[in-house]
């Protein structure tokens, strides 16, 4: 009967709900400790759906041998190009789509993968991991059966005692859509971390319920919504959700160091701690002072 429900993002297909919550909980506890608040481990649970994206067994070792030729879907291609453009804007060492002098391959997807492999954000990730990541986003957004099953995982975890939902990356899309569909869950505080919710033409326009005239529906059961993003987070292409989802959102910027999209520094941030404390009925310590807000 958890007061706090966590929702993970992409890349967790070989993990598990218990494993993840044990990994996330100490970081969450550190963020809360900055405000003098403790929450028992038993009051925190995880909505886990990574197994839905785990490939079936095959003759090779590791992930299926994906390469640029396997990226034929328009959504997957658009996600890769959006990440590439953002990485190029943020890092001088990453060649952008208009720079053909350093990346000579004629295929736009291969050029995107090559460029991203040289970015600090995707350093160490193989092409197959990057492709697998974009494929998970595409499958959730375009395959109704996958979406329904992920949403059912959320239903199984959120209870009448749940006060705060903390959702990272693709998990913020999962949580948003679930909360829109379950307006009977009153006074929930939603905390989104590194969210791609406002990325138009990829995520925003495929949300359920669909936005109307450029504005998305407010999730009816949510009383307070904090959105927290690192300026260097390539996945959270649009840092402020307020313009698209409503002025009631508290949009905050944080600094996560070299791992801009990693959930762990997001959870240990003072701003995240304040958001969760507020959702649990506390007032926070007021020390943010607006310096991290946009």
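Taking the number of Cβ atoms within 10 Å of each Cβ as an exposure proxy, the fewest-first ranking of 239, 259 is 259, 239.
So if R0 is 22 Å, what FRET efficiency would residue 248 and residue 149 give, r being the distance between their Cβ atoms, rounded to the nearest 0.05? Given R0 = 22 Å and the Cβ-Cβ separation, E is 0.10. Computed over the chain with a Gaussian network model linking Cα atoms closer than 10 Å, the most mobile of 11, 96, 281 is 281. Springs join every pair of Cα atoms under 10 Å in this Gaussian network model of the chain, and among 171, 282, 232 the largest mean-square fluctuation is at 282. The label-point distance for residue 159 and residue 30, in a model that sets each label 7 Å from Cα toward Cβ, rounds to 2.8 nm.
The smallest convex shape that holds all Cα atoms of the stretch 173-234, its convex hull, gives 81 Å³ per residue. Give me the angle, in degrees from 0 to 90, between the Cα long axis of helix 144-157 and the longest principal axis of the Cα atoms of the chain, rounded to the nearest 10. Approximately 30 degrees, to the nearest 10.
The stretch 119-184 has equivalent-ellipsoid semi-axes of 28, 15, 9 Å, by the square roots of 5 times the alpha carbon gyration tensor eigenvalues, sorted largest first.
Within the listed set 55, 211, 196, the residue fluctuating most in the Gaussian network model of the chain (springs between alpha-carbon atoms under 10 angstrom) is 55.
When shorter helices are ignored and each DSSP H run of at least 4 residues is given -39500 (n - 2.57), the per-residue value for the chain at 222 nm works out to -11000 deg cm²/dmol. FRET efficiency for the residue 70 to residue 120 pair, using the beta carbon distance and R₀ = 30 Å, is estimated at 0.75. Every pair of different Cα atoms in the chain enters the Kirkwood calculation, which places the hydrodynamic radius at 19.5 Å. Return the FRET efficiency for the residue pair residue 183, residue 258: r is the Cβ-Cβ distance, R0 is 45 Å, and the value is rounded to the nearest 0.05. So the FRET efficiency works out to roughly 0.70.
Value of Rg to Rh for the stretch 149-294, rounded to two decimals, is 0.94; Kirkwood radius and Rg both from alpha-carbon coordinates. Taking the fewest neighbouring Cβ atoms within 10 Å as the starting point, the ordered list for 140, 25 is 25, 140. Can you tell me the 0 to 90 degree angle between the C-alpha axis of helix 74-90 and the longest principal axis of the chain, rounded to 10? Between helix and principal axis, roughly 80 degrees.
Coordinate-derived values only; no laboratory data. Values in this document were obtained by computation on a predicted structure and should not be read as measured data. Backbone-built Cβ (ideal geometry, glycine too); neighbour counts: all protein chains shown.
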